[in-house]
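Structure record follows, encoded as structure tokens.
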Amino acid sequence: MSRGRRIGTVVLALLLAWLVAYPLLIVAVESVRGGTGGWTLEYFRRFGTEPREWQALWGSLWTSVASVVLAGLIGVPLAFLFERHDFPGRRLIGALVALPAVLPPLVGVIAFLFLYGETGFIARMVQGALRMDEVPWRLEGAWAILLVHAYSMYVYFYLFTRAGLAQLDHAAIEAAQSLGASRGRTLFRVTLPLLAPSLRGAALLTFMTALASFSAPYIFGGGFRVMTTQIVFTRLNGEYGMAMAQTVVLSLLGLAGLWLAGEGGPGTGRAGGKGVAPPARLIASPGLRLAATIGGWTLGIFLLLPHVTLLLLSFVPVGTWTIETFPPAYTVGNYVTLFSQPERLRPLGNSLWMATLATAVAMLAALAAGVLISRHRSTVGRWTERLLAVPWLVPGTVFAVALASAFSVHAPWVARIILVGTIWILPLAYVIRNLPLASRAVLAGFRGLDPALDEAAHSLGAGRGRTLRRITLPLLRPALAAGATLAFVTALGDFVVSIILYTYDTRPLSLEILSSLRQGDVGIASAYGVLLMALSGLVFALGSERQVVTR
Amino acid sequence: MPYLSLHALTRRFGDQAGVFDLSLGVERGGILALLGPSGSGKTTTLRMLGGFERPDAGRITVEQEEVTQLRPERRRFGMVFQHYALFPHLDVGQNIAFGLESLGVRGAAAEQRIGEALALVDLGGFARRAVAELSGGQQQRIALARALAPEPRVLLLDEPLSNLDPALRERTRRELRTLIRRVGITTVIVTHEQEDAFDLADTVAVLNQGRLEQVGTPEALYQHPATVFVARFIGRSSWMTGRLVSREAGILRVSVDGAEWRLREGVAGGVINPGPVQVMARPEGLALAPPGRGLAGEVTDRRFAGAGTYYVVKTAAGIHVEVLAGATDAAVGDQVSLAPVREPAGAEDGLHLFPAAGA
């Protein structure tokens, strides 16, 4: 390893340690720090004795496990259906399956509110059809949270299972059949065990996402407590020490989940074998084919409904929709308001510049990591890679609290400066949250490149700079696009970090949606949601250009 | 002094085999093959030549100029990689232009050189093809054209034929040999295939566990193997234990399981004193004879191979000896005896003596 590379690696590792590990350390320290400066376990003692805290802990745990089960029950059969069987409309619906991904968490929750909530379309339709005096249900509590989670998280199981099925060695399945195994026995004894790494990866990703979920419990929770909302409410009450203790507990819960899964992050699961998957077969029996078709289209509509709901509501003028099943009046006024009033337009500008900056910085850090550590084994390099993954392992709420604590004190001698309250804290938080997504994609890209390509360029007289510019970067384009897309969309729609760290000058779209909603301005809130959705979809479309052959 | 020299080159790895104290030289325009099994250090040696590995000790010189510490991009050594490493996002012409740009050759001059390089490998008109459209053999030739276009001082080939199927391999080898000789470039080839090394190179260095076993022409390696490893690695051979009975007037008497064979002085690489020896025989060095005229055995297998037929003879000691003979000389189950084709037999007759194992 050259001297320059070693220095670069150490600098990167130190920078990451400061921004990623240090704030978490400060949270841990402050959770055992007494008001007068001594050490205390008072906050943890209170946590242990208050039933509310236990309820929140238990709520977080069981809803996360239930989300895994629900998402698996929906995602895995769907993946089998779409990967192995053909039926009319398969391609179209297959494309719709990724729709929850372009729905930022808060926007999705709001769409669900107006779709299935007590004043939503479905509830009103049922009420009208059955001529009931009251709304048939309230979208509140654990089951509401689980509904949202199932909708948005089954995608993980679906995508992981499909990827696993696609690279499954089909010869193993044929071997089982030739050894006389029935279809059921083949499924349970061969196919599913081979898919285990994919399923474990999806389960872990779902568990961590559900544990970190904030928007759904925040909007639908009602009296139902989970840790993420508990932390935010405790902080709002000014009980900082207690919030730190809760933050530590939530982090430990996440680490426990990670430890149980025995894996180092999402997507590490890979089914073995290099066999070629068979093409999807048209379902032979007409009855089954009809069932698959109807089921598929129903699913497609279910997936599309939240988006349609938002779009519809974004055209509803303020105060016109009261008791009717469907809004009586439509107008483009909401969009006109949004684009003509500078104060209304600002959140859009804020979200755009912060997401762009955060994506650019995270991608630069990921590229630096790729150049410095992807092909050179070293202890510092391994720690750098772990640090890059940490923001994924820790719920967003925890990170926001950690950054809020670390950078609210002016103490440069212990590497703490005041950033809270400035316009920089939110972009910084986005950068850190984006690091795992960006670095994962970029490092995988680097490792997928044949090292001989670099060597060939060198032997043809190209130095490091020209090799990077002419060979490495062009070949990494798909990986860079994938990483940047995910990072940008996540930052653009962020709610969980923003609600803790935003300032009036940097209030992002998600908070503007929330405040519009609180003012009863459903149309404006939906218009913002549609805008966010459209931008996310656009960025996804741009980012997923056809991949260049890299080998 | 040779054009390209390796002086006491050493590269150690923690757990894997490295290269130890390797010294070799190649004359201007010479072709050297590094031959050895996997883990013998041949690829490491090539990578040190290319500048991709830094030696722990030793020096590399070209035309008296030391290049040991020179970065690959300054070395002006052309390399053809095992999997070709063509840049997949550039077309064939751009791939070749890449090395020319490093020399500042652009525009019309570059186009002309690209055309010449493509003509050299017989792929004129391929400049605008995408890399993905090329067959394996074409990729190899483009990789060669790309490496040669900047007119490097030395050409390095890493297992140049290992990715081609057998039918294509033979033809490509022939073309490659013609091309390298026509260009007249000093070349180092790494291969684990004896046939490739013998066909392409005029000097072959046999490596084993990071050390040089023997270097010489293909004929010298086959007829005068210096070590048991070289004798086993190059060509086919059968091994018997025997006893050197006497050594008089350039004639060695060796007894093998009761038979006595007369050999000439040249068959023993090192000085061997009377006593136990290992006797190595090439299939063409022994002949089949009726029982009682030499080493007794039974034919256990017979394999027709066109120009001759290989017989496996099991001796009384239980050793399987392979003999090349006429198609009708014996049948499976026949009792036969084995004797040198000619007596006294010389090294060129395919018989050799080595010190007994452990001696």
Given a Förster radius of 56 Å and the C-beta distance between A:ARG382 and B:ARG243 as r, what FRET efficiency does 1/(1 + (r/R0)^6) yield to the nearest 0.05?
-> 0.40
Unit charges at the beta carbon, dipole of segment A:48-163: most positive-side option, A:PRO136, A:VAL69, A:GLY94 | A:GLY94
Percent of beta bridges antiparallel (DSSP, the protein assembly as shown, rounded to nearest 5) | 75
Pick out the long, greasy-scoring helices in chain B: whole DSSP H runs spanning 30 Å or more along their own axis by Cα, mean Kyte-Doolittle at least -1.0.
-> none
Note: A:GLN519 to A:LEU345 extended length (0.36 nm per residue) minus current alpha-carbon separation gives 60.9 nm
How crowded by other chains is A:461-473, given as the mean number of beta carbons from other chains within 10 Å of each beta carbon?
-> 4
Evaluate peptide B:49-59: per residue, the Cβ atoms of other protein chains within 10 Å of its Cβ; return the mean as an integer.
-> 1
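Sort segment B:4-230 into rounded, prolate or oblate with this rule: let a ≥ b ≥ c be the square roots of the eigenvalues of the Cα gyration tensor; rounded if a/c is under 1.5, and if a/c is not under 1.5, prolate when a/b is larger than b/c, oblate otherwise.
It is prolate, given that a/c is not under 1.5 and a/b is the larger ratio.
Over segment A:440-551, what relative contact order in percent results from Cα pairs under 8 Å that are six or more residues apart?
Reported as a whole number, the value is 31 percent.
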Just in segment B:100-174: which GluC sites (Glu not before Pro) are loop by DSSP and have at most 15 other Cβ atoms within 10 Å?
-> none
Please tell me the relative contact order of segment A:303-375 in percent, rounded to the nearest whole number, where contacts are Cα pairs under 8 Å and at least six residues apart.
-> 18
List the relative contact order of segment B:236-355 as a percent without decimals, with contacts defined as Cα pairs under 8 Å and 6+ residues apart.
-> 33
Paramagnetic label zone (point 7 Å from Cα along Cα-to-C-beta, B:ALA356; backbone N under 11 Å) in segment B:257-297 | B:274-278
Would you calculate the separation in nanometres between label points at B:ALA307 and B:SER23, each defined as 7 Å from the Cα along the Cα-to-beta-carbon direction?
-> 3.8
Fraction of alpha-carbon pairs in segment B:218-356 farther than 27 Å apart, rounded to whole percent, equals 15
Sequence ranges A:314-321, A:111-118, A:38-45, ranked by mean other-Cβ count within 10 angstrom, highest first = A:111-118, A:314-321, A:38-45
Pick out, from B:LEU161, B:VAL204, B:HIS192, the residue whose Cα sits farthest towards the positive end of the charge dipole of segment B:117-240, with +1 on the Cβ of Lys and Arg and -1 on the Cβ of Asp and Glu.
-> B:LEU161
Please arrange A:SER351, A:SER378 by accessible surface area, largest first, computed with a 1.4 Å probe and ligands excluded.
-> A:SER378, A:SER351
Take the alpha carbon atoms of segment A:398-433, find their center, do the same for segment B:261-327, and report the distance between the two centers in whole angstrom.
-> 83
Dividing the Cα convex hull volume of segment A:309-466 by residue count, how many Å³ per residue is that?
-> 228
So between A:LEU255 and A:LEU299, what do we pick up on full extension, going 0.36 nm a residue minus the alpha carbon distance?
-> 12.4 nm
Which FRET efficiency value, to the nearest 0.05, do you get for B:GLU343 and B:ARG232 by plugging their Cβ-Cβ distance into 1/(1 + (r/R0)^6) with R0 = 25 Å?
-> 0.55
Distance in nm between label sites at A:TYR504 and A:THR422, each 7 Å beyond Cα in the beta-carbon direction?
-> 2.0
FRET efficiency estimate (nearest 0.05) - Cβ-Cβ, A:ILE323 to A:LEU15, R0 56 angstrom | 0.45
Centre separation in Å (Cα based) which lies between segment A:1-25 and segment A:117-163 | 45
Pseudo-spin-label distance B:ARG54 to A:ALA28, built 7 Å along Cα→Cβ, given in nm, is 3.7
For peptide B:71-77, compute the average count of partner chain beta-carbon atoms within 10 Å of each residue's beta-carbon.
-> 5
Can you give the calculated 222 nm mean residue ellipticity of chain A, where each DSSP H run of n ≥ 4 adds -39,500 (n - 2.57) and the sum is split over every residue, rounded to the nearest 500 deg cm²/dmol?
-> -22500 deg cm²/dmol
Where only alpha carbons of the protein assembly as shown are counted, the Rg and the Dmax (Å) | 37.0, 125
Name all residues of segment A:200-237 having a backbone nitrogen under 18 Å from the label point set 7 Å from the Cα of A:ALA444 along its Cα→Cβ direction, giving them as ranges.
-> A:200-209
Per the helix-only calculation at 222 nm, which mean residue ellipticity applies to chain B, given -39500 (n - 2.57) for every DSSP H run of n ≥ 4 and division by its residues, nearest 500 deg cm²/dmol?
-> -7000 deg cm²/dmol
Cα centroid separation - segment A:189-253 against segment B:1-69, whole Å = 57
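The values are calculated or read from the model by the stated rules, or taken from the named source; none is laboratory data. Small disclaimer: the values here were computed from a predicted structure and weren't measured. All Cβ positions, glycine included, derive from the backbone under ideal geometry; neighbour counts span all protein chains shown. All accessible areas refer to the heavy atoms of the entire protein, side chains included, with ligands and DNA or RNA removed. Shrake-Rupley method; radii C 1.70, N 1.55, O 1.52, S 1.80 Å.
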